[in-house]
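Below is one structure, written out as structure tokens, with a few remarks after it.
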Amino acid sequence: MSRIENSKWKLSTAGFTAFILGSIFYLITGPNLPGILGFFISAIILFLLNAGYVFYMKIKAKKAKEA
């Protein structure tokens, strides 16, 4: 459990969960396009923001090691 709580990819996991929930919601409710697009766009935004953060922290840590 502590491995998940300290994960750098926590937001991406939340985004993936939103994507799965959006898919399930779509299958249950049918063509509710605004709701589904909201889930999918939020999942994509969360993933991209978290990926940028993780890569930024890797570069920052690498520069700190070199100095």
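The values are calculated or read from the model by the stated rules, or taken from the named source; none is laboratory data. A quick note: this is a predicted structure, and the numbers were derived from the prediction, not measured. Heads up, the Cβs are rebuilt from the backbone with ideal geometry, glycines too, and the neighbour counts pull from every protein chain shown. We work out accessible area using only protein heavy atoms, side chains counted, and drop any ligands, DNA or RNA first. Shrake-Rupley method; radii C 1.70, N 1.55, O 1.52, S 1.80 Å.
Before moving on, here are some points about what is shown:
- The set of residues from the range 45-61 being touching a helix residue (DSSP H, G or I) at 6+ places or on another chain (Cβ under 7 Å) and open to solvent by 60 Å² or more (accessible area, probe 1.4 Å) comprises PHE47, LEU49.
- Scanning the range 6-24 for residues that are in contact with a helix residue (DSSP H, G or I) (Cβ under 8 Å, 6 or more places away or on another chain), of a type in the set (A, V, I, L, M, F, W, C) and open to solvent by less than 80 Å² (accessible area, probe 1.4 Å) yields a count of 2.
- Residue list for the range 44-67, filter: within 17 Å of ILE20 (Cβ to Cβ) and out of contact with any Leu (no Cβ under 9 Å at 6 or more places or on another chain): ILE44, ILE45
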